[in-house]
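Structure first, then comments.
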Amino acid sequence: MEFPRVAPESLGIPSQAILDLLDELYRYGIEMHGIMVLRHGKVCAQGWWKPYEPKTPHIMFSFSKSLTSTAIGFAWQEGILSLDERLIDIFPDKAPEHPSENLKKACIRHLLMMGCGHETEINDLGRGDPDWIYTFLHHPFVYEPGTHFLYNTAGTNLLSAILTKKTGQTLTQFLRPRLIQPLGMSDIRCQPLPDGTEAGGYGYSLTLEDMARFVQFVANQGQWEGRQLLKPEWFQQATSKQIENRGAGWGGDPDWQQGYGFQFWRCEPEGVFRGDGAFGQYGVVMTKQDMVIVIQSASMRLQAVLTAIWDKLLPQVSDAPLPESPLYHVLVHRLENLELNPMLGMRNPGAEASLNGAAYTPDAPTPAMTDLIGGIGKFTPDGGQLQSLGFVCQGDDVRLRCVQDNGSYDIAVGMTGHFAATEIGGTTYGANGRWRAKDKLEIELRNARMAGGKRFVFQFAGDKLTLTADSTIPEIGGLADPLPPTLTFTLQEGEVTTHTRMYWEVNG
């Protein structure tokens, strides 16, 4: 099934309201990657901010939890498990010899509601621990299960492990015939943990369309194309308040204080709930309006994204269709030409001419360029070592030439204020560059699967190149992308070497 594409006015939504929402998100400084607005199962607005695009799956972080919850719902429906099964009965070989009374009471239900009884999460969510289930069950269960909310990503990963223990299938294998294929989603994948368990707490990547299909399925309470795939009773439980989370350490933001369901958050407006991932991966369901909004972004102001929806879009929604509006064509044009805030292009013809054909060798072992770019959500490196970094500069065609021990590729760099796109190993990379000074080239590089990228500064002096990088999101630690150290390179000997070195000696 393809979603019908219609004008928003036909669904009672003014084009002006969506334009107002886009303006508000821009005013808040939200880095948007993709948005889709649906009502009554029809799409009335969609867009991607270049270099992000329709075909490339985007890291979902904790939005993955809602998929994991739905998998547990299918298993519950089929009698594979009971929500009241105790954790120590499912993993007797991983449990303490003398479990505490609180651990004895902890059930699948408590994992779903983020109320298993932990006071803190296990270290690193178990990402570096091959026996993380043992660690989870030996972590102190301080509170009686069901009485204390703690956002617990490792607990969601444990739900994935329970499903695998019960079925012999990974989370995605289990979901494929029940959800992924019936909904016409793409071949989605989930990041595995060290023991092979799929990280149902943070590991999925989805296209915006995949995301919209799943959220619309949830809004339909398990119905798709006239078939009831999952009982409405599951979603009535999963999206209603199962545990109090007010004052649970989320800074007082109202949409993190409205109660928590089974891996879904309740929102402040009546009848609204959401799936929610780090840096602003949102699937919002407005039940009273029969509306769905899905957003992919890289925001540090998570409440601001939701507040913009409540303030600028929701109040303007009508129960009846509206007259056609000339602003619809303005909206369509804007949605077709979205791009991350462009870095204005500044050219340096002499420097570019001197670099054409030049190649620099790293002074120390250096990871592949795609790993230097990294990105928030890139949990596994591509591997390989960078052998040389070169430049091709011919008119408006500027490219980074990356030669590695496992292959080579060119990355096109937009030098006119817009991102140029390059596909490497099935992944789209965007690059936008400018000269910050006569000897400093700045290039912003993005992996379109990730929530953030890097801003690299190439500093030239004589036969030396120094490379430094900053993240596009100013956050350190947690899920944030670690920065590479300062790297140095030496100009390779060759026919362009003398000209290049002399240029930087004179102009550096």
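Being surrounded by fewer than 24 Cβ atoms within 10 Å (Cβ to Cβ) and of a type in the set (Gly, Ala, Ser) is the filter here, so list the residues in the stretch 266-304 that pass it.
Result: GLY271, ALA278, SER297, SER299, ALA304.
Check whether at least one residue in the stretch 87-100 is over 26 Å from GLY200 (Cα atoms), touching a Ser or Thr at 6+ places or on another chain (Cβ under 6 Å) and part of a loop (DSSP other than H, G, I, E, B), and report yes or no.
Taking every residue of the stretch 87-100 in turn, none turns out to be over 26 Å from GLY200 (Cα atoms), touching a Ser or Thr at 6+ places or on another chain (Cβ under 6 Å) and part of a loop (DSSP other than H, G, I, E, B).
Read through the list (1) open to solvent by 40 Å² or more (accessible area, probe 1.4 Å); (2) within 23 Å of GLN296 (Cβ to Cβ); (3) in a loop (DSSP other than H, G, I, E, B), then give the number of the only condition that GLY375 fails.
Failing condition for GLY375: (1).
Listed residues ALA320, ALA308; which is under 22 Å from the mean Cα position of the chain (by Cα) and of a type outside the set (S, T, N, Q)?
Just a single option satisfies the conditions, and that option is ALA308.
So which residues in the stretch 30-62 are crowded, with 21+ Cβ neighbours inside 10 Å, under 14 Å from ARG213 (Cβ atoms) and more than 14 Å from the chain's Cα centre (by Cα)?
Once the filter is applied, which keeps residues that are crowded, with 21+ Cβ neighbours inside 10 Å, under 14 Å from ARG213 (Cβ atoms) and more than 14 Å from the chain's Cα centre (by Cα), the stretch 30-62 yields MET36, LEU38.
Within the group ARG436, ARG401, ARG446, which residue is closer than 30 Å to GLY277 by Cα, touching a strand residue (DSSP E or B) at 6+ places or on another chain (Cβ under 7 Å) and in a strand (DSSP E or B)?
Within the list ARG436, ARG401, ARG446, the selection yields ARG446.
Among what's in the stretch 308-352 and is of a type in the set (D, E, K, R) and within 19 Å of TYR52 (Cα to Cα), pick the residue that is surrounded by the fewest Cβ atoms within 10 Å (Cβ to Cβ).
GLU336
Considering the stretch 369-411 alone, what residues qualify as being among the polar types (S, T, N, Q) and over 20 Å from PRO349 (Cα atoms)?
Selection gives THR370, THR380, GLN385, GLN387, SER388, GLN404, ASN406, SER408.
Against the condition surrounded by 15 or more Cβ atoms within 10 Å (Cβ to Cβ) and farther than 21 Å from LEU344 by Cβ, how does ALA448 come out, does it pass?
So ALA448 passes the test.
Scan the stretch 135-147 and tell me whether some residue there is within 22 Å of the chain's Cα centre (by Cα), in a helix (DSSP H, G or I) and touching a residue at least 12 places away in the same chain (Cβ under 8 Å).
No, the conditions are met nowhere in the stretch 135-147.
Condition first: in a loop (DSSP other than H, G, I, E, B) and touching a residue at least 60 places away in the same chain (Cβ under 8 Å). Now tell me which residues in the stretch 230-248 satisfy that.
LEU230, LYS231, GLN242, GLU244, ASN245, ALA248
For SER408, work out the one condition from (1) surrounded by fewer than 17 Cβ atoms within 10 Å (Cβ to Cβ); (2) closer than 30 Å to TRP256 by Cβ it doesn't fulfil.
With (1) surrounded by fewer than 17 Cβ atoms within 10 Å (Cβ to Cβ); (2) closer than 30 Å to TRP256 by Cβ applied to SER408, the lone miss is (2).
On the basis of being on the phi > 0 side of the Ramachandran plot and either crowded, with 16+ Cβ neighbours inside 10 Å or in contact with a strand residue (DSSP E or B) (Cβ under 7 Å, 6 or more places away or on another chain) (or both), does GLN263 make the cut?
yes
Considering (1) in contact with a Phe, Trp or Tyr (Cβ under 6 Å, 6 or more places away or on another chain); (2) in a helix (DSSP H, G or I), say which one ASP124 fails and leave the rest.
(1)
From the residues in the stretch 158-198 that are part of a loop (DSSP other than H, G, I, E, B) and β-branched (Val, Ile, Thr), which one is surrounded by the most Cβ atoms within 10 Å (Cβ to Cβ)?
Per the criteria, the residue is THR197.
Could you tell me whether any residue of the stretch 381-395 is closer than 18 Å to THR472 by Cβ and not in a strand (DSSP E or B)?
No, the stretch 381-395 has no match at all.
Starting from residues that are at pLDDT 95 or above and part of a strand (DSSP E or B), keep the ones in the stretch 470-490 and report whichever is nearest to the chain's Cα centre (by Cα).
Going residue by residue through the stretch 470-490, those that are at pLDDT 95 or above are 486-490.
Those left that are additionally part of a strand (DSSP E or B): 487-490.
Numbers: LEU487: 28, THR488: 31, PHE489: 33, THR490: 36 Å.
Going through the qualifying residues, I end up with LEU487.
Can you tell me which residue among THR490, THR422, THR416, THR428 is more than 26 Å from PHE61 (Cα to Cα), touching a strand residue (DSSP E or B) at 6+ places or on another chain (Cβ under 6 Å), among the hydroxyl-bearing types (Ser, Thr, Tyr) and in contact (Cβ under 8 Å) with a residue 12 or more places away in the chain?
Answer to the check: THR490.
So for the stretch 6-22 (the condition being within 22 Å of the chain's Cα centre (by Cα), assigned to a helix (DSSP H, G or I) and modelled with pLDDT of 95 or more), does at least one residue qualify?
The initial filter retains those residues of the stretch 6-22 that are within 22 Å of the chain's Cα centre (by Cα), namely 21-22.
Filter once more, keeping what is assigned to a helix (DSSP H, G or I): 21-22.
Subsequent filtering for residues that are modelled with pLDDT of 95 or more retains 21-22.
For the stretch 6-22, residues within 22 Å of the chain's Cα centre (by Cα), assigned to a helix (DSSP H, G or I) and modelled with pLDDT of 95 or more: present.
Is it the case, given these coordinates, that GLY155 is closer than 22 Å to TRP76 by Cα, part of a loop (DSSP other than H, G, I, E, B), of a type outside the set (A, V, I, L, M) and open to solvent by less than 30 Å² (accessible area, probe 1.4 Å)?
no
The values are calculated or read from the model by the stated rules, or taken from the named source; none is laboratory data. Since the structure is predicted, the reported quantities are computational estimates derived from the model, not experimental observations. We place every Cβ from the backbone using ideal geometry, glycine too, and count neighbours over all the protein chains shown. Side chains are part of the model used for accessible areas, which takes the heavy atoms of the whole protein and leaves out ligands, DNA and RNA. Shrake-Rupley method; radii C 1.70, N 1.55, O 1.52, S 1.80 Å.
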